Amino acid sequence: MVLVDIRETKSVKAADVFLQVRPGKDFELITILRAMIKDQPISDAQVAETGVSIEALQDLVARMKAAKFGAMFFGMGLSMTRGKHMNSAALLTLAAEMNAFTKFVAMPMRGHGNVTGADVIMRWQTGYPFGISFNRGYPRYNPGEFSTVDVLVRGDTDCVFVIGADPGATMPQPAIDHLARVPTIVLDPHVTHTSRLAKVHITTAPAGISAPGTAYRMDEIPMPLRPALESSYPTDEEVTRRIKEAIQTKPDWMVEGPQRLETQV
Amino acid sequence: MDLKVIDHATCTFCGCVCDDIQLHADDTRIHKAKGACVLGKAWFLNHTTERHYPAALIDGKEATVEEAIQVAADLLYEADMPLVYGMSNTTCEAQRECVAMADLLGGLLDSHTSL
């Protein structure tokens, strides 16, 4: 196992090789690796910039090519530092290019229970995994414009529905300030930080403990939940459906009504 | 007292979603979570069926679920640009309802993934 980080973390103990990359130089490091696997020329100055020695990189490339099945796992250190989704895109490209030599995959490390399921369900229903706007009546995807932190910090939303998350505890302060300014609705098994600054809180049954359903594993395998307890609280599914049905009784927000296909083509 | 045993229970605490947990539970709480890690054990054993929280809160005051649903629907409908956010610690079935609701509202839809 090869670990790449900007500092020695607890995971170093479990790693065979640790490479300490200079903060903010992930994109450069990945781009150099992409060049090296294809024997393209790189300069000493470019390698020096990453904080990793050329010998260590040559060793890494040899290990990657010698592997029968390589897997790259990446986390928020890559996706939330300078370069953001460009860093993730570079790593995914490296994984794709490695398949010219051997089998290789890349997978994001997920923190919360069913966040993979959210990706899968949004992809299935809209074609996009997150950061979606329906404001033209059809789904559009643009992280940075429609992603929550950006929307909140700019103040682009005037009502927030929060389910299975506690942004009031984790988001940057300007985002939390906007959450407190607009009416917020929270569905959660606990009264959370977000609930305290919300207009409406509804207590729901915790998924997997007393609410049945499906959750996706990090590698996109769906798992049935087997709740051990009964809950006197309703499930997220039931409450969300009832809110949706209450909205459906109101006239459609689009003046000309929703677009529908008259005949099946 | 005999405990109900649930084989192949699924843990939704983190993204690993382990499905090889054996739970031993009575009517109010889970007493044992065999095969779960430290995080998973804490997740399963800390939940009970006791009602720690009111059914719903509107402006911090206790309310019924039906009232809260109506207020939520009104607020979301009246908003110019509502945002549906989160969907991590919930089921795929609830996520599907969230997508349908965001579509109906003509609003924004986003998850933890964008963080």
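The values are calculated or read from the model by the stated rules, or taken from the named source; none is laboratory data. Everything numeric here is computed off the predicted structure, so don't read it as measured data. Glycine gets a Cβ as well: all are built from the backbone with ideal geometry, and neighbour counts include every protein chain shown. What goes into the accessible areas is simple: the full protein's heavy atoms, side chains included, and nothing from ligands, DNA or RNA. Shrake-Rupley method; radii C 1.70, N 1.55, O 1.52, S 1.80 Å.
Some values worked out for this structure:
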| quantity | calculated |
| --- | --- |
| Residues of segment A:110-139 that turn out to be facing chain B (nearest Cβ under 7 Å), more than 10 Å from the chain's Cα centre (by Cα) and assigned to a helix (DSSP H, G or I), as a count | 5 |
| All helices (runs of 4 or more DSSP H) inside segment A:160-265 with 1 or more residues being polar (S, T, N, Q) and open to solvent by 60 Å² or more (accessible area, probe 1.4 Å) | A:167-170, A:173-181, A:236-248 |
| Filtered residues of segment B:1-11 (kept if farther than 30 Å from A:G75 by Cα and either in a loop (DSSP other than H, G, I, E, B) or open to solvent by 40 Å² or more (accessible area, probe 1.4 Å) (or both)) | B:M1, B:D2, B:L3, B:K4, B:V5, B:D7 |
| Conditions (1) outside any strand (DSSP E or B); (2) over 19 Å from the mean Cα position of the chain (by Cα); (3) more than 8 Å from chain A (Cβ to nearest Cβ); number of the one not met by B:H24 | (1) |
| Residue within segment A:255-264 that is touching a residue at least 40 places away in the same chain (Cβ under 8 Å) and not assigned by TED's automatic domain parsing to the domain that holds A:I163 present | yes |
| Residue pairs meeting the criteria (Cβ under 6 Å; at least 6 apart or on separate chains; first surrounded by 18 or more Cβ atoms within 10 Å (Cβ to Cβ), in segment B:32-59; second aromatic (F, W, Y)) | B:A33/B:F44; B:G40/B:F13; B:W43/B:F13 |
| Single unsatisfied condition, A:M107 versus (1) in a helix (DSSP H, G or I); (2) farther than 16 Å from B:S114 by Cβ | (1) |
| Residue list for segment A:229-255, restricted to those being farther than 18 Å from B:L83 by Cα and over 29 Å from the mean Cα position of the chain (by Cα) | A:L229, A:E230, A:S231, A:S232, A:T249, A:K250, A:P251, A:V255 |
| Top-ranked residue of segment B:12-21 - restricted to ones that are more than 7 Å from chain A (Cβ to nearest Cβ) and open to solvent by 10 Å² or more (accessible area, probe 1.4 Å), ranked as farthest from A:N114 (Cα to Cα) | B:D20 |
| Some residue of segment A:114-134 being open to solvent by 30 Å² or more (accessible area, probe 1.4 Å), hydrophobic (A, V, I, L, M, F, W, C), closer than 22 Å to B:A79 by Cα and not assigned by TED's automatic domain parsing to the domain that holds A:F73 | yes |
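Yes/no matrix, rows are residues, columns are (1) assigned to a strand (DSSP E or B); (2) within 8 Å of chain A (Cβ to nearest Cβ):
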{"residue": "B:K32", "(1), (2)": "yes, no"}
{"residue": "B:A36", "(1), (2)": "no, no"}
{"residue": "B:R51", "(1), (2)": "no, yes"}
{"residue": "B:L57", "(1), (2)": "yes, yes"}
{"residue": "B:E62", "(1), (2)": "yes, no"}
{"residue": "B:L83", "(1), (2)": "yes, yes"}
{"residue": "B:S88", "(1), (2)": "no, yes"}
{"residue": "B:A94", "(1), (2)": "no, yes"}
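Conditions (1) facing another protein chain (nearest Cβ under 7 Å); (2) farther than 21 Å from B:A72 by Cα; (3) in contact with a helix residue (DSSP H, G or I) (Cβ under 6 Å, 6 or more places away or on another chain), marked per residue:
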| residue | (1), (2), (3) |
| --- | --- |
| A:V200 | yes, no, yes |
| A:A205 | no, no, no |
| A:P212 | no, yes, no |
| A:R217 | yes, yes, no |
| A:I221 | no, yes, no |
| A:P224 | yes, yes, no |
| A:L229 | yes, yes, no |
| A:E238 | no, no, no |
| A:R242 | yes, no, yes |
